[in-house]
Amino acid sequence: MKTLEKIKSGMGMAAASLATIVKIALMSRRPTPRNRETKDTIIIMGNGPSLRDAMRDDMETLMAFPRMAVNFSALAPEFGELRPDYYILADIAFFMKKKTGNVPALWSALAAVDWPMTLFLPATSRGMEEVGRLPSNVTVKYYNLTPGEGFRWLMRPVYDSGLAMPRPRNVLIPSIMSAMREGFRRIVLIGADHNWSRTLWVTDRNRVVSVQPHFYEDDEKELRRAEEIFGNVRIHEVYENYAIAFRSYHNLKAYTDRRSVEILNATPGSFIDAFPRITLSRLQKQ
């Protein structure tokens, strides 16, 4: 039985590896070269509700390290106070020809940034009008959102090249990968609650509803956009996506361990079980 399982597993890994090579050929573009400078610690600020608690209780620690913000956080009232050194966009909605919800407002907010900031964008977004309107103090770097799975001996050089990454079902995957390519050796997560299942239910009309709270308050326009996304989604598809996201963190952990990069989760109550935990107060003392 064990032999059959090994054969089955090996065939699955071979198929996944081949699929990754095909995806790279079809989807990947030239990424920005890796930064060869070694840097110490960066805090990646996910948009989970716990970020608000961190801002209230540990703002001094947050501001003591380089910070990366993600997705819609530029629309939060606190964005100008946080002044992140890095920013990343990963949701496909930001790059579609027809911009809906708060996407136009987000690009306007990024165009108004008046401090030095590095913005990470998918390599396929080169040439977008919105990118051309960014101010000169915003440096744009490109990465590939191409999902890569398969034999670890093959995935390591693939990930190193920047042509693919563990399946990026959540913005934190490209955030961590981009921080690594920027040279950071210790990556700390805050606002990475990932307790989505607590806010998931099915109505009496069998409509799946998922309310994913952020540290900022979503307005009606953005809530309508989110509702449209879940319009035809089934409950098993939601849980399958959750499984992919959490598995990707473990794949990422295996890769970062081989690269001697430390990822620490400073999010109280986070559902991510792949990374060691720390508190922001302890981080300041290290």
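The values are calculated or read from the model by the stated rules, or taken from the named source; none is laboratory data. Keep in mind it's a predicted model, so treat the numbers as computed, not measured. Just the protein is used for accessible areas: all its heavy atoms, side chains included, with ligands, DNA and RNA removed. Shrake-Rupley method; radii C 1.70, N 1.55, O 1.52, S 1.80 Å.
Points to keep in mind about this one:
- Taking every protein chain into account, the accessible area of region 101-191 amounts to 35 square angstrom per residue (probe 1.4 Å).
- Accessible surface for region 1-62, divided over its residues, is 66 Å² per residue with a 1.4 Å probe.
- Pairs of Cα atoms nearer than 8 Å and 6+ residues apart set the relative contact order; for the chain it is 24 percent.
- For the chain, a Gaussian network of Cα nodes joined below 10 Å ranks Met55, Met96, Met63 by mean-square fluctuation, and the top entry is Met96.
- The chain - percent of accessible surface contributed by carbon and sulfur, probe 1.4 Å: 54
- Size descriptor, Kirkwood hydrodynamic radius, that averages inverse alpha-carbon separations across the chain, Å: 19.9
- Calculated on C-alpha atoms, the gyration radius of region 62-170 divided by its Kirkwood radius gives an Rg/Rh of 1.00.
- Cα-based shape type of region 117-205, given that a ≥ b ≥ c are square roots of the gyration tensor eigenvalues and the cut on a/c is 1.5: oblate
- Cα-based shape type of region 1-97, given that a ≥ b ≥ c are square roots of the gyration tensor eigenvalues and the cut on a/c is 1.5: prolate
- Region 112-176 versus region 6-22: alpha-carbon centroid distance in Å: 25
- For the residue pairs Lys23/Lys141; Lys6/Lys141; Lys39/Lys97, the alpha carbons lie more than 32 Å apart in Lys6/Lys141; Lys39/Lys97.
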